[in-house]
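*Asks:* Handing you this structure, nothing more for now.
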Amino acid sequence: MEKVSTKQENFRDQLSTVSKEGKRNWIYPKKPFGKFYNARTIVSIILLAILFGTPFIKVHGHQFVLFDFLNRNFILFGIPFGPHDFHLFVIAMIALVVFIILFTVVFGRVFCGWVCPQTIFMEMVFRKIEYWIEGDYNSQKKLDKAPWLSQKIFKKTLKHSIFFAISFIIANFFLSYLIGIDQLLKIISDPPFQHIQGLISITIFSGVFYWVFSYFREQACTIVCPYGRLQGVLLDQDSIIIAYDYVRGEPRGKIKKNQKQEKLGDCIDCNLCVEVCPTGIDIRNGVQLECVNCTACIDACNYVMDKVNRPRGLIRYDSLNGIEKKTKFKFTPRIIGYSIVLIALLGLLGYLMSIRTDFSVNILRTAGLLYQEQPNNMISNLYDINVVNKTFKVASINLRLENLKGELEMIGKKIVLKPQEIDDGKFLIILSKDEIKTMNTPIKIGVYANNKLIQEVNTSFLGPVEEEENEH
Ligand code: SF4
Ligand code: SF4
């Protein structure tokens, strides 16, 4: 088969982090600097503060956000959700997927560079510590090649000890979202043998985070992350990406002093944009799966452009059409289509949330049974009740017959629901024959939780009287 890739396209044949022999190419990115890097640092501090602060926020004594999969107990923004809210979960997940698609179609991988926890921890926490201990990329390369003497042993031990300590902290907070901060503090403060499972979980999570940030690194984005792999399908010519303006930059060439320059573009081929790239790619090759939109190459190139007195923005946020045809952002049919679907889903979710009640009650006359004759001219019907408690409180359920004189008698135990619990019960309604005028007597049952009316249920009572003829 004829090889189709040209020399310029050869970069697509292999990953920048994997050598031709299939070995790992360790990336030593130059320390980034500049306006975008500073802005990303501020955004990262805010997001990390939210991530580490949220488990401590409580609403009515309960964690603000909790994903307790083991006990099927979920709290979002202080609202408890349980298995009975599965339909809301499904709609929310579909809306999230549509939102991600829409966001990516319009803004490309902005999420990866500015919000993704992998990028934030890697570039804004672990990498900064690495620069602090081992110096910039050249010093790091030198240190890795150096023999294991005291200085290298000291620096490597210090770096990896701090890396593990931070991984341990991340693992603890990660767990606090799964089991709750109170349970986590209990595991930490109680004697270790009382929470062996919890401690094993923390150790495993710490080990995984340590391995990802100290060894696996950018490969999480370039090899594992499914979102990165979807870019080829989601991006189009109008998506905003971090792009090299090849129209302005090419043909590239170094500035040669005191030499007659041939007609060159603005790229002086200094390679700084490649040196700062944490995934080891050359943005000048075009859109690539490995680009996590970290903005380091924008800052680097702007710095170079300032130095050579050329306008900034040779590498910038723009679309391929923006670069090639100088077109401005426009709403494409794809964006409009996704937006309509997203708005419809959010509308549906909002409506379902607005009608969501603290309790859900179902009352049905027991199937297959008619009425029962009772002593003293009384008639009874048997009913089934099912109650879901969606609140954090224990709920003691009482039933009252609201529209007729009669008795309502629970059969067996009284219904007392723990938070997020579902329970069933049976009860009898006993009416005097004098109250029964038709075969189907409409009845209204008031359902009370802790003596507060939560719902009125309309149902019917079967009686022995023949249905009256219609008068007209
Ligand atoms: S190409 Fe630029 S934006 Fe993309 S990962 Fe590399 S440095 Fe970051
Ligand atoms: S930093 Fe700018 S000028 Fe230097 S090689 Fe990259 S694109 Fe060209």
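*Asks:* Pull out all pairs, ordered by first then second residue, where Cβ-Cβ is under 7 Å, the residues are six or more apart or on different chains, the first lies in region 300-314 and is within 14 Å of I283 (Cα to Cα), and the second is charged (D, E, K, R) and more than 16 Å from ligand 1 (Cβ to nearest atom).
*Replies:* That search, which allows pairs on different chains as well, returns L314/R248; L314/D266.
*Asks:* Something else: Determine which single condition A146 fails, assuming it passes every other condition in (1) open to solvent by 80 Å² or more (accessible area, probe 1.4 Å); (2) modelled with pLDDT of 90 or more; (3) in contact with a helix residue (DSSP H, G or I) (Cβ under 6 Å, 6 or more places away or on another chain).
*Replies:* If we test A146 against (1) open to solvent by 80 Å² or more (accessible area, probe 1.4 Å); (2) modelled with pLDDT of 90 or more; (3) in contact with a helix residue (DSSP H, G or I) (Cβ under 6 Å, 6 or more places away or on another chain), just (1) comes out false.
*Asks:* Do any strands (runs of 3 or more DSSP E) entirely within region 9-86 hold 1 or more residues that are out of contact with any Phe, Trp or Tyr (no Cβ under 8 Å at 6 or more places or on another chain) and over 30 Å from P278 (Cα atoms), and if so, which? Before you say what the answer is, go through the steps one by one.
*Replies:* Numbers: elements: 66-68, 73-76, 79-81.
Output list reads 73-76, 79-81.
*Asks:* Could you check region 226-256 and list, in sequence order, the residues that are small (G, A, S), within 15 Å of ligand 2 (Cβ to nearest atom) and in a helix (DSSP H, G or I)?
*Replies:* G249
*Asks:* Hey, any hits in region 438-455 for a residue that's in a loop (DSSP other than H, G, I, E, B), in contact (Cβ under 8 Å) with a residue 24 or more places away in the chain and either under 26 Å from G82 (Cβ atoms) or touching a Phe, Trp or Tyr at 6+ places or on another chain (Cβ under 6 Å) (or both)?
*Replies:* The initial filter retains those residues of region 438-455 that are in a loop (DSSP other than H, G, I, E, B), namely 438-439, 450-451.
Still in the list and also in contact (Cβ under 8 Å) with a residue 24 or more places away in the chain: 438-439, 450-451.
Applying the additional criterion that residues be either under 26 Å from G82 (Cβ atoms) or touching a Phe, Trp or Tyr at 6+ places or on another chain (Cβ under 6 Å) (or both) yields 450-451.
Yes, region 438-455 contains a residue that is in a loop (DSSP other than H, G, I, E, B), in contact (Cβ under 8 Å) with a residue 24 or more places away in the chain and either under 26 Å from G82 (Cβ atoms) or touching a Phe, Trp or Tyr at 6+ places or on another chain (Cβ under 6 Å) (or both).
*Asks:* Being open to solvent by 90 Å² or more (accessible area, probe 1.4 Å), in a strand (DSSP E or B) and in contact (Cβ under 8 Å) with a residue 60 or more places away in the chain, is that true of even one residue in region 385-392? Steps first, answer last, please.
*Replies:* So the first thing to find is which residues in region 385-392 are open to solvent by 90 Å² or more (accessible area, probe 1.4 Å), and the list is none.
Checked region 385-392: no residue is open to solvent by 90 Å² or more (accessible area, probe 1.4 Å), in a strand (DSSP E or B) and in contact (Cβ under 8 Å) with a residue 60 or more places away in the chain.
*Asks:* Of all residues in region 308-333, count the ones that are within 10 Å of ligand 2 (Cβ to nearest atom), open to solvent by 10 Å² or more (accessible area, probe 1.4 Å) and among the β-branched types (V, I, T).
*Replies:* Residues in region 308-333 being within 10 Å of ligand 2 (Cβ to nearest atom), open to solvent by 10 Å² or more (accessible area, probe 1.4 Å) and among the β-branched types (V, I, T): 1 in total.
*Asks:* Tell me whether region 211-227 contains one or more residues that are in contact with an Asp or Glu (Cβ under 6 Å, 6 or more places away or on another chain) and buried (at least 16 other Cβ atoms within 10 Å of the Cβ). Spell out the reasoning first.
*Replies:* So in region 211-227, the residues in contact with an Asp or Glu (Cβ under 6 Å, 6 or more places away or on another chain) come out as 222.
Filter once more, so that each one left must be buried (at least 16 other Cβ atoms within 10 Å of the Cβ): 222.
Yes; the residues of region 211-227 include at least one that is in contact with an Asp or Glu (Cβ under 6 Å, 6 or more places away or on another chain) and buried (at least 16 other Cβ atoms within 10 Å of the Cβ).
*Asks:* Starting from region 190-206, take each residue that is within 19 Å of F164 (Cβ to Cβ) and list its partners that are at pLDDT below 85, counting only C-beta distances under 8 angstrom and pairs at least six apart or across chains.
*Replies:* L199/P192
*Asks:* Out of the residues in region 262-307 meeting the condition of being among the small types (G, A, S) and either in contact with an Asp or Glu (Cβ under 7 Å, 6 or more places away or on another chain) or modelled with pLDDT of 95 or more (or both), tell me which one is farthest from ligand 2 (Cβ to nearest atom).
*Replies:* The initial filter retains those residues of region 262-307 that are among the small types (G, A, S), namely 265, 280, 286, 296, 300.
From the residues that got through so far, the ones that are either in contact with an Asp or Glu (Cβ under 7 Å, 6 or more places away or on another chain) or modelled with pLDDT of 95 or more (or both) too are 265, 296, 300.
Working: G265: 9, A296: 10, A300: 5 Å.
This residue is A296.
*Asks:* So which helices (runs of 4 or more DSSP H) stay within region 104-182 end to end and still have 2 or more residues that are without any contact (Cβ under 8 Å) to a residue 40 or more places away in the chain and not small (G, A, S)?
*Replies:* Values: elements: 110-114, 127-134, 137-145, 150-179.
Once the helices (runs of 4 or more DSSP H) in region 104-182 are filtered for at least 2 residues that are without any contact (Cβ under 8 Å) to a residue 40 or more places away in the chain and not small (G, A, S), what remains is 127-134, 137-145, 150-179.
The values are calculated or read from the model by the stated rules, or taken from the named source; none is laboratory data. For clarity, every value in this text was computed on a predicted model and none was experimentally measured. In this analysis, Cβ positions are derived from the backbone assuming ideal geometry, glycine residues included, and neighbour counts consider all displayed protein chains. Just so you know, the surface numbers come from the protein's heavy atoms only, side chains and all, with ligands and any DNA or RNA stripped out. Shrake-Rupley method; radii C 1.70, N 1.55, O 1.52, S 1.80 Å.
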